[in-house]
Amino acid sequence: MRQVLAFVVRNWPLKLAAILLASLLYAGLIVSASAETFQGRIPVQLINQPPDTFVLGDVADVTSVRYLAIGSDRPQITSSSFTAVVDLAGVVAVPGAPSVSLPVVVQAVDPAIQVIDFAPSRVAVRLDPLVTREVPVTVDLGTVPPGLDVREPVVSEDPVTVSGPDSAVRNVAAALARVRLDPSGIDVNETVGLVPIDALGEVVVGVDVQPSTVRVTIQIGSQLATKTLPVSPVVAGSPASSFEITAVEVQPSLVTVEGEADALAGLVAISTRPVSISGATADVEATVGLDLPTGVAALGVAQVRVTITIRPRTGTRTFEAGVQVVNGGADLVYVPAIESVLLTVGGTLEALDAVDPARIAAQLDVAGLGPGTTAVAVSAVLPAGVSLVAASPPEVTVTVTAVATPVPIPSPASIPVASPSPTPSAAP
């Protein structure tokens, strides 16, 4: 018995490991014997995609899943029985960078189904940053019918903005507006969609154009005349109270228009679309279109830049202020001819309304004046935000005298006392 027991416990760790390995192999054999394989396409979902990025190309689907169904009531397995997910967190979008290989996570929707293996276990994903830039607008007229005198097309927006993946946006050379001319010679004035194209005229896919449409105007005819006229900016509304317009500028200031001679005959200027300044407290700049009469088109110009300069309104107020003598000597006496003057101060209306008359003083600088009579210019001590415009009178006569030196009065002790004369004695 002791020999049997010794045989059993001898090298027991190895024997225990052998038993566990055999159990695992047996369990694997059972599972492999009962595991099933689903063949079909399971779309891969991308999660945690970084903002302002775009996934280039298609992400491969999961096409094979080995699974184990637990229980006797096995559900019917379809593509919707599984979910496949790729996490894009931490993936950096670099222009022109190659694809990155990322792991796929496949799970069964039904908890009674356990996923054992699937293919592919990794997929290639390529991220591209989203970018935005401006491109010019090109008008394609196609084949021009014979006999038509076609003028230069004018578009309502130029340039326009394109946005999309960097690899696509960098290929965009222009935004194309396709227009077809009527053989009868009717002027073109219509809204046309824009298509991003490359330098060869091929459409670039995956790119958004804003605005997506523009209005194209084309004058067609043989009796058209041209005329160069000044641009007249139209201002709508009023600035905020206590503010005023000081200047209105427009660029370009001249524009050449085209139309029938009769339509151009009475034109002396071309107005802009209204620019609103309602409630404005600072300069206003706006790009606006031209308000063209019917049958008249601007050549090469669709919009102008209007700049309206606005500043606070200014004014003046007059206050009476007492006269102060400053910088005088201690040994002189200064006497102004008048005690007060009128000070006119200027500034913005807001600053003038805030002036406290008690804080205003007129000053006479008498530094260096000696005894006598002198006319001294009036200066002022004013609050911040206002300045002296005028003083009435502008000068004040100041009389300067020396301080009188008092005559010293001797003290009683310093006055000598006369000695009494001796009285003559009587003769005996």
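Taken over the range 78-137, residues that are farther than 28 Å from ASN171 by Cα and of a type in the set (Ser, Thr, Tyr) amount to 6. Checking each residue in the range 333-360 for being open to solvent by less than 40 Å² (accessible area, probe 1.4 Å), hydrophobic (A, V, I, L, M, F, W, C) and farther than 16 Å from GLU395 by Cβ picks out VAL345, ALA351, LEU352, VAL355, ILE360.
A single entry from GLU244, GLU249, GLU190, GLU202 fulfils the requirement of being in contact with a Lys or Arg (Cβ under 9 Å, 6 or more places away or on another chain), closer than 22 Å to VAL160 by Cα and not β-branched (Val, Ile, Thr): GLU190.
Go through the range 236-272 residue by residue and tally those that are in a loop (DSSP other than H, G, I, E, B), within 20 Å of ARG313 (Cβ to Cβ) and open to solvent by 40 Å² or more (accessible area, probe 1.4 Å).
The first filter runs over the range 236-272 and keeps only residues in a loop (DSSP other than H, G, I, E, B), leaving 237-242, 252-253, 266-269.
From what's left, within 20 Å of ARG313 (Cβ to Cβ): 237-242.
From what's left, open to solvent by 40 Å² or more (accessible area, probe 1.4 Å): 237-238, 241.
Of the residues in that region, 3 qualify.
Within the range 135-158, is there a residue that is without any contact (Cβ under 8 Å) to a residue 40 or more places away in the chain and not in a loop (DSSP other than H, G, I, E, B)? Yes, the range 135-158 contains at least one residue that is without any contact (Cβ under 8 Å) to a residue 40 or more places away in the chain and not in a loop (DSSP other than H, G, I, E, B).
Going by the conditions given, is SER184 more than 19 Å from VAL204 (Cβ to Cβ), over 36 Å from the mean Cα position of the chain (by Cα) and at pLDDT 90 or above?
In short, no.
Residue-level analysis places ARG305 outside the set of residues that are among the charged types (D, E, K, R), within 30 Å of LEU388 (Cα to Cα) and open to solvent by 40 Å² or more (accessible area, probe 1.4 Å). Of all residue pairs spaced 6 or more apart or on separate chains, those with beta-carbon atoms under 8 Å, a first member in the range 398-411 that is of a type in the set (S, T, N, Q) and a second member that is modelled with pLDDT of 70 or more and open to solvent by 90 Å² or more (accessible area, probe 1.4 Å) are THR399/THR373; THR401/PRO371.
Put simply, of ILE30, ILE77, ILE19, ILE70 the only residue that is more than 60 Å from the chain's Cα centre (by Cα), closer than 21 Å to VAL105 by Cβ and at pLDDT below 90 is ILE70. The set of residues from the range 290-302 being under 29 Å from the mean Cα position of the chain (by Cα) and either surrounded by 14 or more Cβ atoms within 10 Å (Cβ to Cβ) or among the polar types (S, T, N, Q) (or both) comprises LEU290, VAL301, ALA302.
Residue count for the range 251-289 satisfying the condition of being over 23 Å from the mean Cα position of the chain (by Cα) and aliphatic (A, V, I, L, M): 11.
Here's the yes/no breakdown for (1) hydrophobic (A, V, I, L, M, F, W, C); (2) open to solvent by 70 Å² or more (accessible area, probe 1.4 Å); (3) under 51 Å from the mean Cα position of the chain (by Cα):
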{"position": "ILE310", "(1), (2), (3)": "yes, no, yes"}
{"position": "THR318", "(1), (2), (3)": "no, yes, yes"}
{"position": "ASP331", "(1), (2), (3)": "no, yes, no"}
{"position": "SER379", "(1), (2), (3)": "no, no, yes"}
{"position": "ALA384", "(1), (2), (3)": "yes, yes, yes"}
{"position": "GLU395", "(1), (2), (3)": "no, yes, no"}
{"position": "VAL398", "(1), (2), (3)": "yes, no, no"}
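Which fully enclosed strands (runs of 3 or more DSSP E) of the range 49-94 have 3 or more residues being among the small types (Gly, Ala, Ser) and open to solvent by less than 80 Å² (accessible area, probe 1.4 Å)?
Details: elements: 53-56, 62-69, 82-87.
Strands (runs of 3 or more DSSP E) meeting the threshold: none at all.
Selection over the range 163-184 of residues that are in contact with a Phe, Trp or Tyr (Cβ under 8 Å, 6 or more places away or on another chain) and either open to solvent by 20 Å² or more (accessible area, probe 1.4 Å) or of a type in the set (Gly, Ala, Ser) (or both) gives a count of 1. Across the range 185-226, the number of residues qualifying as more than 23 Å from LEU56 (Cβ to Cβ), assigned to a strand (DSSP E or B), open to solvent by 50 Å² or more (accessible area, probe 1.4 Å) and of a type in the set (S, T, N, Q) comes to 4.
For the range 275-289, indicate whether the set of residues that are part of a loop (DSSP other than H, G, I, E, B), modelled with pLDDT under 95, of a type in the set (Asp, Glu) and open to solvent by 60 Å² or more (accessible area, probe 1.4 Å) is non-empty.
First, pick out the residues of the range 275-289 that are part of a loop (DSSP other than H, G, I, E, B): 277-283.
Narrowing the set further to residues that are modelled with pLDDT under 95 leaves 277-283.
Now restrict to residues that are of a type in the set (Asp, Glu): 283.
Remaining after also requiring open to solvent by 60 Å² or more (accessible area, probe 1.4 Å): 283.
Yes, the range 275-289 contains at least one residue that is part of a loop (DSSP other than H, G, I, E, B), modelled with pLDDT under 95, of a type in the set (Asp, Glu) and open to solvent by 60 Å² or more (accessible area, probe 1.4 Å).
The values are calculated or read from the model by the stated rules, or taken from the named source; none is laboratory data. Here the structure is a predicted model, which means the values were calculated and not measured. Because the Cβ atoms are built from the backbone with ideal geometry, glycine has one as well, and the counts that use them run over all protein chains shown. Surface areas here come from the heavy atoms of the whole protein model, side chains and all, with no ligands, DNA or RNA. Shrake-Rupley method; radii C 1.70, N 1.55, O 1.52, S 1.80 Å.
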